[in-house]
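No lab work stands behind these numbers, since they all come straight from the coordinates. From a predicted model like this one, the values you see are computed outputs, not experimental measurements. Here the Cβ positions follow ideal geometry from the backbone for every residue, glycine too, while neighbour counts run over all protein chains shown.
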């Protein structure tokens with residue numbers, strides 16, 4: 001299962017080399033000198049991530065993608081000193097900005113994060129181990145698999161696990177987030193379109209079904225799909241062929257489908273929001289993923305795993321949670337599951353100052369309500385302070401860790417560059433010293 005990266009621009013050689021060095025092990029890299037050839041390559045399918053030189057015009061390139069209903073992550077690259085180019089690229093729709101000369105570790109972090117290849121299963125709890133044993137039984141089959149569970153339980157991670165252990169492991173693994181794509185765009189994204197099918201369709205475009213032929217197609221959050229598309233999806237699964245938008249003849253496809261949902265699909269069927277025949281077609285094999293609170297023995301190993309990952313990605317010394325921090329983590333009910341734990345440990349890595357991550361660096365998301373802690377004394381350094389103060393500390397510490405790189409700091413914090421700049425402007429007005437900008 002390789003990552004497919006398209007690098008666009010006349011001076012793309014150094015970036016392609018950095019991608020190859022950072023993501024060695026099956027990464028397929030293609031270079032195109034200009035946007036026109038890049039768009040032609042994208043219409044043919046088979047691209048997971050696009051890196052584009054700011055010199056070719058990010059805004060026009062992103063508009064062209066949207067006009068042809070092509071939804072692929074775009075990362076801009078340019079000289080590190082060009083802060084305006086970085087900000088303009090983000091505003092134009094780029095997911096991130098890569099400074100030149102490219103740093104291999106930063107390239108690795110960006111492509112793995114956007115492509116979802118940086119996720120692996122960490123399991124020691126018997127409940128999760130039993131779930132994985134069942135997944136191993138399901139993996140060699142050709143039947144569709146339905147993965148259900150609360151948000152943040154790792155459904156996409158398990159889907160990739162199923163693909164890696166299947167007979168299709170050497171084929172593509174293609175994902176579509178049905179909840180994140182508007183219905184008019186989702187049809188074209190799934191089935192592709194012919195030239196002239198709609199305004200902006202200047203050429204034939206291959207959809208995700210055809211891209212996944214010979215491999216696995218993951219339909220993430222399938223319950224959010226419109227009823228009309230559900231009918232078209234059902235026909236594609238039954239007949240093993242699809243109709244491109246504006247097409248006149250069916251196209252055969254050879255795929256295995258894995259679908260996920262955080263809803264109870266049987267209740268959705270009863271409510272008339274999901275087709276019963278499609279449910280039975282998708283749920284030939286059904287795996288319910290346990291929430292993190294039901295696999296407590298996984299909390300400590302997961303915390304150590306995330307601590308190592310984010311220390312490496314931030315160029316920081318490895319610090320693991322100490323016993324008091326682990327106790328604090330294990331006392332939380334984790335309504336956001338593994339995703340919430342990951343975010344918590346990312347913050348902890350940035351806040352920790354000693355040789356280990358102590359309980360004072362464990363900050364839970366206050367919007368989810370108060371979380372129990374092992375002792376009031378252990379939580380006092382942070383729990384008794386206003387949330388705005390903690391947020392300011394995390395933002396400024398992240399800036400220091402990134403040597404003032406605003407774009408990189410915003411990516412690590414999970415906020416837009418605009419939000420970061422607004423916060424920094426507010427802090428400056430309050431008389432807070434701001435680390436100087438690098439890019």
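Would you mind getting me the FRET efficiency between residue 120 and residue 266? Use the beta-carbon distance for r and R0 = 22 Å, nearest 0.05.
Working: r = 31 Å, r/R0 = 1.41.
The calculated FRET efficiency here is 0.10.
Can you tell me how much longer the chain between residue 308 and residue 239 gets when fully stretched, taken as 0.36 nm per residue apart minus their C-alpha distance, in nm with one decimal?
20.2 nm
Label points 7 Å out from Cα along the Cβ direction at residue 389 and residue 20: separation in nm?
So the two model labels end up 5.3 nm from each other.
Evaluate the distance, in nm, between pseudo-label points positioned 7 Å from the Cα of residue 418 and of residue 297 along their respective Cα→Cβ axes.
The two pseudo-label positions are separated by 4.8 nm.
Return 332, 305 ranked ascending by Cβ neighbour count within 10 Å, so the fewest neighbours appear first. Intermediate values should be presented prior to the final figure.
Details: 332 21, 305 18.
Ordered from fewest to most neighbouring Cβ atoms within 10 Å, 332, 305 come out as 305, 332.
If each residue's Cβ is checked for other Cβ atoms within 10 Å, how do 331, 248 rank with the fewest at the top?
With the sparsest Cβ surroundings first, the list reads 248, 331.
For the chain, what class follows from the C-alpha gyration tensor (a ≥ b ≥ c being the square roots of its eigenvalues): rounded when a/c is under 1.5, otherwise prolate if a/b is larger than b/c, else oblate?
Judged from the Cα gyration tensor, the chain comes out oblate (a/c at least 1.5, b/c at or above a/b).
Considering only C-alpha atoms, what is the centroid distance from the stretch 116-181 to the stretch 292-369, in Å?
Here the two parts' Cα centres lie 24 Å apart.
Given a Förster distance of 22 Å, report the FRET efficiency between residue 167 and residue 72 from their Cβ-Cβ distance, rounded to the nearest 0.05.
Values: r = 27 Å, r/R0 = 1.25.
The computed FRET efficiency comes out at 0.20.
Using 0.36 nm times the number of residues separating residue 79 and residue 316, minus their current alpha carbon distance, what extension gain do you get?
Details: separation 237, 0.36 × 237 = 85.32 nm, distance 2.43 nm.
My answer for the length gained is 82.9 nm.
Counting alpha carbon pairs within less than 8 Å and at least 6 residues apart, what relative contact order, in whole percent, applies to the chain?
Normalised by residue count, the contact order of the chain is 14 percent.
Using label points projected 7 Å from each Cα along Cα→Cβ, tell me how many nm separate residue 198 and residue 330, to one decimal.
Going from the residue 198 label point to the residue 330 one covers 5.2 nm.
Could you put 223, 151 in order, starting from the residue whose Cβ has the fewest other Cβ atoms within 10 Å?
Numbers: 223 21, 151 13.
Ranked by crowding around the Cβ, least crowded first: 151, 223.
Run through the DSSP bridge list for the chain and note the antiparallel percent, rounded to the nearest 5.
Within the chain, antiparallel bridges account for around 10 percent of the total.
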